[in-house]
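Novice: Structure in structure tokens, see below.
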Amino acid sequence: MPSPAHPQTSPGVEVADITVNSLPARDVKAPRRIGRRASLAIGAYGLLLPSLVGLALFTYAPVAQVVWDSVHARRAPGTAPSFAGLANYHAILADAAFRKAAINNLYYALGTIIPSLVIALGLALALARSDRINNLLRAAFFMPVLVPLVAAASLFLFIFLPNVGLIDFYIGRFLAQPPNWLGDPDVALYSIMVLTVWKNAGYYMLFFLAGLQAVPDEAYEVAYLEGATSWQRLWHVTLPYLQPTTGFVTVIALINVVTQVDHVFVLTKGGPSDSTNLLLFYVYQQAVESYDIGKAAAGTLVSLAVLVGVTAVSLGTLERAFGGRP
Amino acid sequence: MTPSRRHSTLPLATRREIVPRIGYGLVLVAAVLWLVPILWMLVASVRPQSFGGPGMASLIPDAQPTSRNFIDAWEAADFPRYYLNSAIIVAGILAVQLVTITLAGYAFARVAFPGRQWLFYVFLLQLMLVPVVLIVPNLSMVARIGLYDTLLGVMAPYFASAFGTFLMRQAFASIPRELEDAALVDGASVLQRIRHIYVPLALPAFLAFAVVSVTAHWNEFLWPLMVINSPDKRPLTVGLAAFTRGQEGAQSWGVIAAGTLLVIAPLLLLFLLFQRRFINSFVTSGIK
């Protein structure tokens with residue numbers, strides 16, 4: 001199996017012309033091995049310290065905090081929070097908005113990841129050959145990646161606008177009654193999905209393009225000799241070789257599904273009637289609009305559980321992607 | 001993806017065998033669809049009749065373009081201030097990150113120390129426990145250390161980057177040890193060795209990280225929205241959302257298109273100038 005389409009950072013630069021003469025020269029003497037090892041170890045912790053402070057303050061302390069918050073509640077406004085057991089979890093499970101957000105998030109995951117990956121793979125297969133036209137096409141598909149999600153939402157606000165908007169102007173005339181793309185609870189989530197696929201497919205395409213480079217020509221040559229059709233070659237040669245890439249892209253796509261809600265904020269605020277609410281947006285609402293830290297914490301923990309679950313399943317993929325264990 | 005493979009003749013997968021011509025035609029159609037939102041933005045931002053008339057959605061440019069929408073947008077929101085705030089945020093985050101990831105990346109790449117395996121997982125987990133999911137507890141942390149409603153508060157959660165650390169670890173690990181040993185004999189300290197040997201040889205990796213980091217934080221919205229309260233400290237994304245809300249009520253779509261273009265333009269221009277650099281950086285990135 002080929003290595004996954006992981007970050008290839010080996011710069012491949014010439015190293016021969018590097019000069020170290022600028023360093024202060026000293027008497028050459030053999031360093032004492034044991035002392036050096038001990039100081040290296042202490043030095044290593046020193047080197048890691050700035051990062052560890054950051055991780056402690058803004059990753060691990062917040063996780064501890066959110067666990068604590070999720071099992072505490074204020075009995076009355078202004079009083080100190082007291083232990084509440086699983087009350088916050090019961091509260092969010094009893095909250096129809098939360099259940100809706102969780103189910104929406106599931107549909108949103110399926111409805112964005114599968115189309116994005118299929119489109120990205122198709123684009124990569126079609127545009128794998130690097131020539132001028134294909135490079136332009138790749139750039140066209142990649143451009144949305146650089147557009148802030150809020151800015152994309154500002155544009156799609158008009159695209160989805162009833163009657164005068166872009167879709168209704170060009171396509172709506174062929175429909176007897178074009179739906180209210182963002183205002184109809186049965187349709188709005190699909191509209192949000194369209195925006196997400198538009199924004200992300202070009203990003204995932206890049207990984208498939210890199211992955212395709214790793215499929216050995218010999219594998220295709222054998223398939224040709226055996227008279228395999230193009231579909232057979234896709235199923236039995238290309239896709240098996242792309243498996244690590246697909247795994248990696250799926251992990252990234254899953255993270256995006258849980259962490260990206262800016263467009264929901266601009267386009268629908270989770271509505272109409274919570275039909276486009278997603279977990280993270282629900283958390284934001286609880287914290288900022290309802291000031292219910294307990295429910296916000298419980299909701300955050302559900303998101304975290306999903307992410308940790310993804311991590312646990314994909315640990316091998318991630319480790320490989322970042323060059324294996326030390 | 002070995003380097004030699006890249007220069008070989010094109011892979012057989014691409015010889016129009018797997019995706020036949022119909023597929024290529026579909027891709028051309030898709031490319032047009034993909035460009036439509038950007039195209040509309042360009043056309044509508046200079047459209048004279050910009051208030052939601054029936055022709056507002058037309059993708060055909062008007063005979064007499066106007067700069068009126070840009071003037072209106074510029075007056076409706078404090079864009080220069082938003083640009084400045086966004087620039088301060090991305091530059092500040094990147095500057096600190098470059099220091100933290102260099103030091104940590106070197107430690108993981110070159111030093112054998114007890115607990116390395118364990119600390120590796122402490123970092124790896126941060127790839128998933130992304131700060132944006134932790135907005136609620138991070139907000140109370142930022143408030144506790146007195147950074148609420150400051151640009152520094154927006155930056156702080158990103159100062160340590162697991163992704164950057166792993167990227168630098170890989171780049172440093174590919175540099176021959178002999179170079180460092182020579183410097184060691186010369187009596188160079190750890191920081192001198194990093195500064196004079198590792199950093200110059202890892203510039204491509206630094207550049208890739210910079211592109212990804214700047215893009216990610218230039219585009220970020222929900223976290224700055226929560227941390228920033230004063231209108232004059234808003235970054236572009238937060239400013240744009242408030243601006244859009246105001247103009248949406250007035251149905252001034254041309255002004256929204258102009259304002260959106262102002263926000264998108266810097267990164268898009270950089271991309272058009274340095275396409276290959278951008279694309280390579282994002283392939284390298286995997287996780288933002």
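Novice: Condition first: under 28 Å from A:L127 (Cα atoms), aromatic (F, W, Y) and modelled with pLDDT under 85. Now tell me which residues in the range B:25-72 satisfy that.
Specialist: Matches in the range B:25-72: none.
Novice: With the requirement that a residue be at the interface with chain A (Cβ under 8 Å from one of its Cβ atoms), assigned to a helix (DSSP H, G or I), farther than 21 Å from A:N200 by Cβ and touching a residue at least 24 places away in the same chain (Cβ under 8 Å), what does the range B:201-217 give you?
Specialist: Here is the first cut: in the range B:201-217, the residues at the interface with chain A (Cβ under 8 Å from one of its Cβ atoms) are B:201-205, B:208, B:215.
After this cut, where a residue has to be assigned to a helix (DSSP H, G or I) as well, the list is B:201, B:203-205, B:208, B:215.
Among the residues that remain, those that are also farther than 21 Å from A:N200 by Cβ are: B:201, B:203-205.
The answer is B:L201, B:P204, B:A205.
Novice: Scan A:N88, A:N21, A:N105 and give me the residue that is modelled with pLDDT of 90 or more and among the polar types (S, T, N, Q). Please lay out each step first, then the result.
Specialist: Values: A:N88 fails: modelled with pLDDT of 90 or more; A:N21 fails: modelled with pLDDT of 90 or more.
On inspection, the qualifying residue turns out to be A:N105.
Novice: Then there is this: So which of B:A188, B:A160 ends up being part of a loop (DSSP other than H, G, I, E, B), in contact with a Ser or Thr (Cβ under 8 Å, 6 or more places away or on another chain) and facing chain A (nearest Cβ under 8 Å)? Walk me through it before giving the result.
Specialist: Values: B:A188 fails: in contact with a Ser or Thr (Cβ under 8 Å, 6 or more places away or on another chain).
After applying the criteria, what remains is B:A160.
For every residue, the table says whether it meets (1) on the phi > 0 side of the Ramachandran plot; (2) modelled with pLDDT of 90 or more.
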residue	(1), (2)
B:V96	no, yes
B:G115	yes, no
B:L119	no, yes
B:L125	no, no
B:L129	no, no
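Novice: Could I ask something else about it? Could you say which residue among B:A216, B:A173, B:A188 is small (G, A, S) and within 30 Å of A:V306 (Cβ to Cβ)? Lay out the reasoning, then the answer.
Specialist: Details: B:A173 fails: within 30 Å of A:V306 (Cβ to Cβ); B:A188 fails: within 30 Å of A:V306 (Cβ to Cβ).
B:A216 is the lone residue from the list that is small (G, A, S) and within 30 Å of A:V306 (Cβ to Cβ).
Novice: Give the residues of the range A:198-227 that are hydrophobic (A, V, I, L, M, F, W, C), out of contact with any Leu (no Cβ under 9 Å at 6 or more places or on another chain) and surrounded by fewer than 19 Cβ atoms within 10 Å (Cβ to Cβ), sorted by residue number.
Specialist: Selection gives A:V222, A:L225.
Novice: Here's a follow-up. Could you please find all residues in the range A:162-180 being more than 8 Å from chain B (Cβ to nearest Cβ) and part of a loop (DSSP other than H, G, I, E, B)?
Specialist: The answer is A:P162, A:N163, A:I171, A:L175, A:A176, A:Q177, A:P178, A:P179, A:N180.
Novice: Residue check, B:Q251 against (1) within 18 Å of A:L267 (Cβ to Cβ); (2) within 20 Å of the chain's Cα centre (by Cα); (3) touching a residue at least 40 places away in the same chain (Cβ under 8 Å), all met but one. Which one?
Specialist: Going through the list (1) within 18 Å of A:L267 (Cβ to Cβ); (2) within 20 Å of the chain's Cα centre (by Cα); (3) touching a residue at least 40 places away in the same chain (Cβ under 8 Å), B:Q251 breaks only (2).
Novice: Could you tell me how many of the residues in the range B:167-185 are surrounded by fewer than 22 Cβ atoms within 10 Å (Cβ to Cβ) and part of a helix (DSSP H, G or I)?
Specialist: Of the residues in the range B:167-185, 10 are surrounded by fewer than 22 Cβ atoms within 10 Å (Cβ to Cβ) and part of a helix (DSSP H, G or I).
Novice: For the range A:126-156, which positions are at the interface with another protein chain (Cβ under 7 Å from one of its Cβ atoms), part of a helix (DSSP H, G or I) and modelled with pLDDT under 90?
Specialist: Hit for the range A:126-156 is A:A126, nothing else.
Novice: Being at pLDDT below 90 and in contact with a strand residue (DSSP E or B) (Cβ under 8 Å, 6 or more places away or on another chain) narrows it down to one of A:G247, A:G294, A:G324, A:G270, so name that one.
Specialist: Result: A:G294 is the single residue among A:G247, A:G294, A:G324, A:G270 that is at pLDDT below 90 and in contact with a strand residue (DSSP E or B) (Cβ under 8 Å, 6 or more places away or on another chain).
Novice: Which residues, taken from the range A:24-70, are assigned to a helix (DSSP H, G or I), modelled with pLDDT under 85 and not β-branched (V, I, T)?
Specialist: Of the range A:24-70, the ones assigned to a helix (DSSP H, G or I) are A:33-70.
The next check asks that each one be modelled with pLDDT under 85; those that pass are A:33-43.
Within the range A:24-70, A:R33, A:G35, A:R36, A:R37, A:A38, A:S39, A:L40, A:A41, A:G43 qualify.
Novice: Ok, one more. How many residues does the range A:71-108 hold that are part of a loop (DSSP other than H, G, I, E, B) and of a type in the set (A, V, I, L, M)?
Specialist: Within the range A:71-108, the first condition is being part of a loop (DSSP other than H, G, I, E, B), and the residues that meet it are A:71, A:74-81, A:84-86, A:95.
Remaining after also requiring of a type in the set (A, V, I, L, M): A:71, A:76, A:80, A:84, A:86.
So the count comes out to 5.
Novice: Go through (1) buried (at least 23 other Cβ atoms within 10 Å of the Cβ); (2) modelled with pLDDT of 90 or more; (3) facing chain A (nearest Cβ under 10 Å) one by one and return the number of the condition B:W253 breaks.
Specialist: That leaves (2) as the condition not met.
Novice: Checking A:R99 against (1) over 24 Å from the mean Cα position of the chain (by Cα); (2) assigned by TED's automatic domain parsing to the domain that holds A:S230; (3) among the charged types (D, E, K, R), which single condition isn't satisfied?
Specialist: Status for A:R99: all satisfied but (1).
Novice: Right, here's the next one. Which of the helices (runs of 4 or more DSSP H) found entirely inside the range A:181-278 contain at least 3 residues meeting this: within 8 Å of chain B (Cβ to nearest Cβ)? Before the answer, list the steps.
Specialist: Numbers: elements: A:188-212, A:217-225, A:230-233, A:239-259, A:262-267.
Fully inside the range A:181-278 and qualifying: A:188-212, A:217-225, A:239-259, A:262-267.
Novice: Next question. Of the conditions (1) within 30 Å of A:L280 (Cα to Cα); (2) within 10 Å of chain A (Cβ to nearest Cβ); (3) in a helix (DSSP H, G or I), B:E220 satisfies every one except a single condition; which number is it?
Specialist: All conditions pass for B:E220, except number (3).
Novice: Quick test of your reading of the structure: B:W118 fulfils all but one of (1) under 25 Å from the mean Cα position of the chain (by Cα); (2) in a helix (DSSP H, G or I); (3) not basic (K, R). Name the failing condition by number.
Specialist: Status for B:W118: all satisfied but (1).
The values are calculated or read from the model by the stated rules, or taken from the named source; none is laboratory data. On a predicted model such as this, the values are computed, not experimentally measured, just so you know. Please note: Cβ atoms are built from the backbone with ideal geometry, for glycine as well, and neighbour counts cover all protein chains shown.
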